[in-house]
Amino acid sequence: MPVCKFAPLFASSKQAKLSDEYAPDELFSMKQFDLIIVGAGIMGLAHAYHANRAGMSVLVVDRSKHAQGASIRNFGMLAVIAQSEGKQMSDALRALNDWQQIAPKAGVDLQRSGCLVLAQHPEEQAVLEEYIASKDNASSCRLIKPSQLSQFANGVRRDKLLGGLWNENAWKFDQRQAVSKIANWLQTKGVCCLFSTEAELVEPPVVKTSNGTYGCNTAIVCAGDEFSTLFPESFMAAGVTQCELQMLRTHPQPTGWKLNPFILGGLSLPRYAAFSECPSMADLKLMQEAAYADYIKHGIHVIACQEADGSITIGDSHTYTSDSQLHRSDEIDRLILNELNASVALPELRIDQRWRGRYAHLPGTDVLKLQPADNVWAVTMTNGQGMTHAFAVAEDIIRDITH
Ligand SMILES: Cc1cc2nc3c(=O)[nH]c(=O)nc-3n(C[C@H](O)[C@H](O)[C@H](O)COP(=O)(O)OP(=O)(O)OC[C@H]3O[C@@H](n4cnc5c(N)ncnc54)[C@H](O)[C@@H]3O)c2cc1C
């Protein structure tokens with residue numbers, strides 16, 4: 001592990017409240033960085049990456065021993081397929097480019113696994129057809145007849161399906177390991193990462209943590225769905241809340257059995273902006289509200305993907321709340337598994353793991369960027385696609401700070 005090198009503090013002319021508590025010689029002796037980032041999830045690390053590239057000295061602090069937030073609880077999916085044309089898509093492609101640069105250097109296995117969206121109902125099939133009709137011939141997606149589905153994914157119940165949409169634009173990485181590996185790699189590039197270190201007060205030129213006080217010109221808070229400790233009034237004023245999700249993982253499938261792509265069901269279609277302009281979307285929603293009322297109540301849609309050990313990660317539900325739920329729900333798990341089983345027959349159905357994750361939620365926005373104090377940014381993804389977008393969001397913020 002590389003050793004962090006700390007530069008001396010050069011006292012800034014702008015003195016915030018916290019810095020007034022320190023004598024000039026105390027300030028001068030503090031370890032100083034151009035930028036201090038709170039949070040070592042994907043958002044914090046993406047900012048660290050771009051700041052490091054811009055020549056800034058960077059300290060990242062995280063309260064956990066290892067990142068434990070949404071960035072390790074997801075599907076490990078770069079969901080380019082889910083983006084609407086325009087800014088969403090160009091940001092996702094920009095971020096993908098960063099992942100492709102970083103992954104081989106950081107030892108993250110990034111695979112273009114593709115995605116198969118399955119249609120059980122005529123309304124779903126209609127949306128898929130309209131989506132394809134809106135694309136040019138050179139696009140990376142196409143409609144698949146039921147008889148051809150098994151060429152793309154194993155276990156697919158061809159007899160129960162009307163067809164599918166194949167899209168190459170989905171990438172898989174190991175979500176449990178990726179952020180740790182990226183943090184380790186960033187440290188070899190000179191970024192300092194302090195874990196088990198809680199940021200208690202963020203008032204540049206001073207940031208007070210549970211592990212000492214540090215100096216900086218700028219701070220960026222990338223605390224995910226944690227709004228209660230730093231700048232709670234700013235988050236409250238922005239109206240951001242939380243979304244809680246339930247996830248499952250099977251026992252490893254039999255040796256050699258490969259699902260291959262990400263599998264998405266028809267309940268995913270209304271959740272992704274990519275399909276929102278399809279004329280049949282209104283009919284699809286009406287059908288789902290009638291036929292899938294229990295699923296809609298819990299915000300359930302089905303995504304399945306295979307991990308390196310052969311297990312299948314399956315999700316998820318969406319509960320929008322500002323209070324964490326006390327209990328996981330067996331009923332939600334049952335519904336998720338039922339819906340997957342309607343279109344895919346997994347050889348191994350035993351569930352080994354169940355977990356919950358949370359992300360920040362603000363309807364109608366992809367990302368929340370706040371400036372709650374002088375020289376402080378607070379940045380959090382609010383659309384549940386931070387793994388796909390973080391590097392592009394961070395690139396823009398660092399450009400704003402450095403220009
Ligand atoms: C179940 C689930 C499935 C998902 N699937 C996908 C997917 O497949 N593809 C996709 O693109 N996105 C997906 N997402 C969304 C994505 O995971 C999130 O948008 C992203 O991980 C958010 O990253 P973050 O760095 O903002 O937050 P987090 O990963 O939550 O990191 C925040 C960090 O801040 C730290 N922290 C908070 N407060 C402090 C403090 N005061 N001091 C120090 N440290 C602090 C925490 O310890 C934590 O490590 C999914 C999310 C969930 C929950």
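Can you pull out every residue in the range 342-376 that is more than 23 Å from TYR295 (Cβ to Cβ), part of a strand (DSSP E or B) and of a type in the set (A, V, I, L, M)?
ALA360, VAL367, LEU368, LEU370, ALA373, VAL376
Each row is one residue, and each column tells you yes or no for (1) among the aliphatic types (A, V, I, L, M); (2) without any contact (Cβ under 8 Å) to a residue 24 or more places away in the chain; (3) touching a Gly at 6+ places or on another chain (Cβ under 6 Å).
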position	(1), (2), (3)
PRO205	no, no, yes
LEU230	yes, no, no
HIS251	no, no, no
SER280	no, no, no
MET287	yes, no, no
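Kindly indicate whether GLU129 is assigned by TED's automatic domain parsing to the domain that holds ALA282, in a helix (DSSP H, G or I), touching a residue at least 12 places away in the same chain (Cβ under 8 Å) and surrounded by 20 or more Cβ atoms within 10 Å (Cβ to Cβ).
no
Exactly one condition in (1) within 16 Å of the ligand (Cβ to nearest atom); (2) closer than 29 Å to LEU162 by Cα; (3) surrounded by fewer than 21 Cβ atoms within 10 Å (Cβ to Cβ) is not met by ARG334; state its number.
(1)
Which residues, counting only those in the range 263-305, are closer than 26 Å to PRO252 by Cα and in a helix (DSSP H, G or I)? So that I can check it myself, show each step before the final result.
Pass one, the range 263-305, residues closer than 26 Å to PRO252 by Cα: 263-268, 300-305.
Result: GLY266, LEU267, SER268.
Anything in the range 152-178 that is in a loop (DSSP other than H, G, I, E, B), of a type in the set (A, V, I, L, M, F, W, C) and more than 18 Å from ALA82 (Cα to Cα)? List them, or say none.
Within the range 152-178, PHE152, ALA153, LEU161, LEU162 meet the criteria.
For the range 360-382: of the residues being of a type in the set (Val, Ile, Thr) and more than 10 Å from the ligand (Cβ to nearest atom), which is nearest to the chain's Cα centre (by Cα)?
The residue in question is THR365.
Just checking, how many residues over the range 317-341 are of a type outside the set (S, T, N, Q), in contact with a Gly (Cβ under 8 Å, 6 or more places away or on another chain) and under 15 Å from LEU267 (Cα atoms)?
4
When you look at GLY310, is it part of a loop (DSSP other than H, G, I, E, B), away from the ligand (no atom under 14 Å from the Cβ), farther than 30 Å from GLU198 by Cβ and free of Cβ contacts under 8 Å to residues at least 12 places away in the same chain, yes or no?
On the way: part of a loop (DSSP other than H, G, I, E, B): yes; away from the ligand (no atom under 14 Å from the Cβ): yes; farther than 30 Å from GLU198 by Cβ: yes; free of Cβ contacts under 8 Å to residues at least 12 places away in the same chain: no.
In short, no.
Among all residue pairs at least 6 apart or on different chains, which show Cβ distances below 7 Å where the first residue, located in the range 56-71, is in contact (Cβ under 8 Å) with a residue 12 or more places away in the chain and the second is polar (S, T, N, Q) and outside any loop (DSSP other than H, G, I, E, B)?
Note: pairs meeting the criteria are VAL58/ASN52; VAL61/THR209; HIS66/SER180; ALA67/SER180.
Only one residue in ILE220, ILE263 is crowded, with 21+ Cβ neighbours inside 10 Å, touching a residue at least 24 places away in the same chain (Cβ under 8 Å) and not assigned by TED's automatic domain parsing to the domain that holds CYS192, so which one is that?
Values: ILE220 fails: not assigned by TED's automatic domain parsing to the domain that holds CYS192.
Exactly one residue qualifies, and that residue is ILE263.
Out of everything in the range 187-217 that is crowded, with 18+ Cβ neighbours inside 10 Å and outside any strand (DSSP E or B), what residue ends up being nearest to the ligand (Cβ to nearest atom)?
THR197
Consider the range 247-297. How many of its residues are within 23 Å of ASN169 (Cα to Cα) and among the charged types (D, E, K, R)?
Going through the range 247-297 one residue at a time, the tally reaches 3.
With the structure loaded, tell me whether ASN184 is away from the ligand (no atom under 11 Å from the Cβ), under 28 Å from the mean Cα position of the chain (by Cα), part of a loop (DSSP other than H, G, I, E, B) and not small (Gly, Ala, Ser) or whether it fails that test.
Numbers: away from the ligand (no atom under 11 Å from the Cβ): yes; under 28 Å from the mean Cα position of the chain (by Cα): yes; part of a loop (DSSP other than H, G, I, E, B): no; not small (Gly, Ala, Ser): yes.
Here the answer is no, as ASN184 does not meet what is asked.
The values are calculated or read from the model by the stated rules, or taken from the named source; none is laboratory data. Everything numeric here is computed off the predicted structure, so don't read it as measured data. Methodologically, a virtual Cβ is constructed for each residue, glycine included, from the backbone with ideal geometry; neighbour enumeration extends over all protein chains shown.
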